[in-house]
Structure formats: structure tokens, C-alpha cells
Amino acid sequence: MESSDAIAALSALAQDTRLEVFRLLVQHQPAGLPAGDIARLLHVPQNTMSAHLAILARAGLVASERHSRSIIYRADLERFRSVMLFLLKDCCNGKPEVCAPLISDLTSCCVDGTCC
């Protein structure tokens, strides 16, 4: 991943509504949600939601698929994973104990299908 890709993704998430959208879509994986449902659930006008979804899509964090008259949005968890790995790739600088607490928190977050 290039720095510019990570910056685009992080910039897209650096806004309250877009962060809420991404988190909502993660909660509704793998089915996703129609754009109208996202707008209703987050109490955001549909035209405003369209702009937020477009920004997230350009950053590669959400994917869309047309189903009849609806557009279903899903979080692109592989892209999000790439961004997180980009941030953490050199975090320990040869000292794994530096990242061990973070890795432990991440791996213990979802146990038996229950996420923290």
C-alpha cells in the first residue's frame, strides 16, 4: 500500500458521519445495507449520505452493488486490513514486545463470535 492510499482512507474516516457509516457497515457484514437504510439509521439526509458514501468508495473502504432499484453498500474489510497493516508494519522496529499489547487486544477482541 502506498502512503497516499492510506492517507485517503484515513482522511475518509476522519469525519464523524463517515466513521459512523463505516462502523455500521462493518456491523452488517456480509449482507451490507441499502443506501436509504444507512441514511435513515444515521438520521442523515439521503443526498448528504450519497456524498459521504462516495468519499468512502473513492478511498476504497466501501463497495457498492446494484440490486434492482437499490444500491447495497458493504465495508471493504480487506482494504481496511491493508490500511491497518500499513500503519503497523514497522511499528515494533525489530522489537516485537512494543506491539505485543496491541496485537493481544486485537486478537482477544472477538472471542466466540462476540466482539468487544
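Bear in mind these aren't lab numbers, they're just calculated from the coordinates by the rules spelled out. Remember, it's a predicted structure, so these values are computed and weren't measured experimentally. Glycine also receives a Cβ, built like all others from the backbone with ideal geometry; neighbour counts cover every protein chain displayed.
Annotations
- Evaluated at q = 0.18, 0.20, 0.26 Å⁻¹, a Debye calculation over the C-alpha positions of segment 1-59 (equal weights, vacuum) places log10 I(q)/I(0) at -0.60, -0.73, -1.09.
- Likely footprinting exposure, M84, M49, fewest C-beta neighbours within 10 Å first: M84, M49
- Dimensions of the chain along the principal axes, based on C-alpha atoms and rounded to the nearest Å, stand at 51, 36, 23, largest first.
- The loop-placed GluC sites (Glu not before Pro) in segment 1-105, going by DSSP, that have at most 10 neighbouring Cβ atoms within 10 Å of their Cβ come out as E2.
- The relative contact order of the chain comes to 25 percent, based on Cα pairs under 8 Å that sit 6 or more residues apart.
- With the alpha-carbon atoms of segment 26-82 aligned to their principal axes, the span from lowest to highest coordinate is 31, 21, 19 Å, starting with the largest.
- In this structure, the amide hydrogen of V62, modeled 1.01 Å from its nitrogen in the peptide plane, lies closer than 5 angstrom to those of A57, D76, counting only residues at least 5 positions away or on a different chain.
- Once the C-beta distance of E65 and L42 is scaled by a Förster radius of 22 Å, the resulting FRET efficiency is 0.65 to the nearest 0.05.
- Ranked packing of 11-19, 26-34, most packed first, by mean Cβ within 10 Å: 11-19, 26-34
- Nonlocal amide H pairs with H28, under 5 Å, H built at 1.01 Å: none
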